[in-house]
Amino acid sequence: MADTIINERIETDLRTKDFYYDLPQELIAQHPAPQRDHSRLMVIHRDSGLVEHRIFNEIGQFLNKGDVLVVNDSKVIPARIFGHVLGREEAGIELLLLRARGLDQWEVLVRPGKRAKIGMELVFGNGELQGVIEQIVQEGNRIVRFTYDHDKYTSLYELLHIIGLMPLPPYITEKQDDIGRYQTVYARTEGSVAAPTAGLHFTDELLKSLQEGGVALARVMLHVGLGTFRPVKETEIRDHVMHTEYIEVTKETADLINEKRAAGGRIICVGTTSCRTLESAADDGGIVHPVAGDTGIFIYPGYRFKATDALITNFHLPESTLLMLVSAFYNREKMLEAYKTAVQERYRFFSFGDACLIL
C-alpha cells in the first residue's frame, strides 16, 4: 500500500470525561530517570488482573524467545524556530514545524497566529532561513515554504539543528541538562515533533541482551505530529478526528513480524505510535503488509486489535487519545484502576515518566 489514508473508526457511547483521572502535579516527571532503563515498570497481566511493580531493566523476564519488539525509529527534530517578519524585526514570530508537505514545504503552528497572513515573508536565525506563508489549513495551521542556501546545507534538517530547539511538551517546564535523553537510542529517520516516549527506557545494552535471548527487533516508523498529542475537545469520543501522520512499514519488517507470529511469537509494540502503525498496516486476519502513507487511525474501547499482542507504554494524560488506546487494549475501568494505583505508588507520569507493560 502507498499514499494511503488509513482511518478506522468504530462506534461507542463513551465520553471524553470517562477517561479522566486525578493526577497530582508533582507526579508529572520533569526530568528522565538518571539511567534510561532504571525507570519503574508496572506490569499488568490481562488474563489474571495481576499487577507487578518492577524496574524497566527487568523487562526481559516477561519476554520470550521468538517474541518481537516493534519500535518506532522516527527521530525528533529541533522543530521550534524563532524569527521575525521580513523588514520588521520587532514583529517576532515562532513556528513549530509539524510535518513535511513537500520539498522544503511544511505544515506549521504559528505564534502569534493572528499575525500570520498568507504571503507574509519570515526570517529565521541570522537570515540563513527564510519562509513565506502560502496557505492556511485546518485549525489555523499554516503551510510555509522555506528557502535557504542549498550549497551550504544539504537539507532543511541540517539547518534546523543549528537554529532550532527541541519541542518539549508544555508540561515539561524545567530546563534540561541533556536534551539527547528526549530521543530513543534507536532513532534513525528525522521527522517527529515529539518523541515516541515508551522507547526512551531502552538502552543499547538492554536491547542487545534481549536480542541475544531470542527476542527480535522490528523497526516501523510514524512521524509523531498533531495526531498523537492533539487534545480531545469533543464530548463524545467517536466525534474526535485524528490528524493524519506519516507511517512506513517495510516488506522486511512485515515479513519478520508475520513469520514470528505464525511460529507462536508475540508481537510487543513499544509505544502507542508503534501500535497505531502496526494496526494500520494489518489486515483483518492479522497479517501485516508493507505500507508507506498516512494514517488517521483512532483506537479506543471497542476496537479489535489485529496484530498487537502486548504493549509497552508510559502513563498518559487524562482524557487523551493515548489513554483511550491503552484502555482499548486492556479495559477502561481496569486501566483507570491501574492508574489510580500508579498515583498511590508515586509512579512518574508522561514523557519522562515510568513505564507500563500490558501483557
Antiparallel DSSP bridges in the chain: what percent, to the nearest 5? 70
Spit out the partnerless Cys residues in the chain, using Cβ distances under 4.7 Å as the pairing rule. 356
Which lysines does residue 260 reach when only Cα atoms under 24 Å apart count, and residues fewer than 8 places away in its own chain are ignored? 65, 208, 251, 306
Hey, can you grab everything whose amide H is under 5 Å from the amide H of residue 191? Only 5+ residues off in sequence or another chain; H modelled, so Pro and N-termini drop out. 75, 77
Log10 I(q)/I(0) at q = 0.13 Å⁻¹ for region 129-180, from Debye over equal alpha-carbon scatterers, is -0.52
Residue separation times 0.36 nm, minus the C-alpha to C-alpha distance between residue 155 and residue 126: what's the value? 8.7 nm
Residues with amide H under 5 Å from that of residue 99, placed H, sequence gap 5 or more: 107
Rounded to whole Å, sorted largest first: equivalent-ellipsoid semi-axes of region 1-118, Cα gyration tensor: 40, 22, 20
Expected max-MSF residue from 91, 282, 310 in the GNM of the chain (alpha carbon, under 10 Å) is 91
Treat each spin label as a single point 7 Å out from the Cα along the C-beta direction, and report the residue 147 to residue 134 distance in nm. 1.3
Working from Cα positions, state the angle (0 to 90°, nearest 10) between the long axis of helix 251-262 and the longest principal axis of the chain. 20
Residues 270, 108 arranged by fewest to most Cβ contacts within 10 Å: 108, 270
Neighbour-count ranking [beta-carbon atoms within 10 angstrom, fewest first] of 163, 81: 163, 81
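Using 0.36 nm per residue of separation minus the Cα-Cα distance, give me the extension gain between residue 51 and residue 292 in nm, one decimal.
83.0 nm
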How do 38-51, 288-301 rank on mean C-beta neighbours within 10 Å, highest first? 288-301, 38-51
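Rounded to two decimals, what is Rg over Rh for region 226-359 when you use alpha-carbon atoms and the Kirkwood radius? Walk me through the intermediate numbers first.
Details: Rg = 15.1 Å, Rh = 15.6 Å.
That ratio is 0.97, to two decimals.
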Which of the three applies to region 80-163, rounded, prolate or oblate, going by the alpha-carbon gyration tensor with a ≥ b ≥ c and a/c under 1.5 meaning rounded? oblate
HN-Hα couplings for region 210-226 via Karplus (6.51, -1.76, 1.60; θ = phi - 60°), in whole Hz with x for Gly/Pro, come out as 5, 5, 5, x, x, 8, 7, 10, 10, 9, 10, 9, 9, 6, 5, x, 4
Report the net charge of residues surrounding residue 76, where surrounding means a beta-carbon distance below 15 angstrom and charges are Lys +1, Arg +1, Asp -1, Glu -1. +1
For each of 245, 319, 259, count neighbouring Cβ atoms within 10 Å of the residue's Cβ, then give the residues from fewest to most. 259, 319, 245
Could you tally the net charge around residue 235, taking each other residue with its Cβ under 12 Å from the Cβ of residue 235, Lys/Arg +1 and Asp/Glu -1? -2
Go through region 115-218 and name the trypsin sites (Lys or Arg not before Pro) that are in a DSSP coil and have 15 or fewer other Cβ atoms within 10 Å of their Cβ. 117, 152, 175, 188
What span do the alpha-carbon atoms of region 73-221 cover on each of the three principal axes, reported in whole Å from largest to smallest? 60, 35, 30
Filtered hits (lysines, Cα-Cα < 27 Å from residue 114, offset >= 8 within chain) -> 233
Find the relative contact order for the chain and round it to a whole percent, using C-alpha pairs within less than 8 Å whose residues are 6+ positions apart. 27
For region 293-359, taking Cα atoms only, what is the radius of gyration to one decimal and the Dmax to the nearest whole Å? 12.3, 42
Using only C-alpha atoms and all pairs of different ones, pull out the Kirkwood radius for the chain in Å with one decimal. 21.2
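Where a number appears in this text, it was derived from the coordinates with a stated rule and is not lab data. Since we're looking at a predicted model, the values are computed, not measured. Cβ sites come from the backbone with ideal geometry, for glycine too, and all protein chains shown count toward neighbours.
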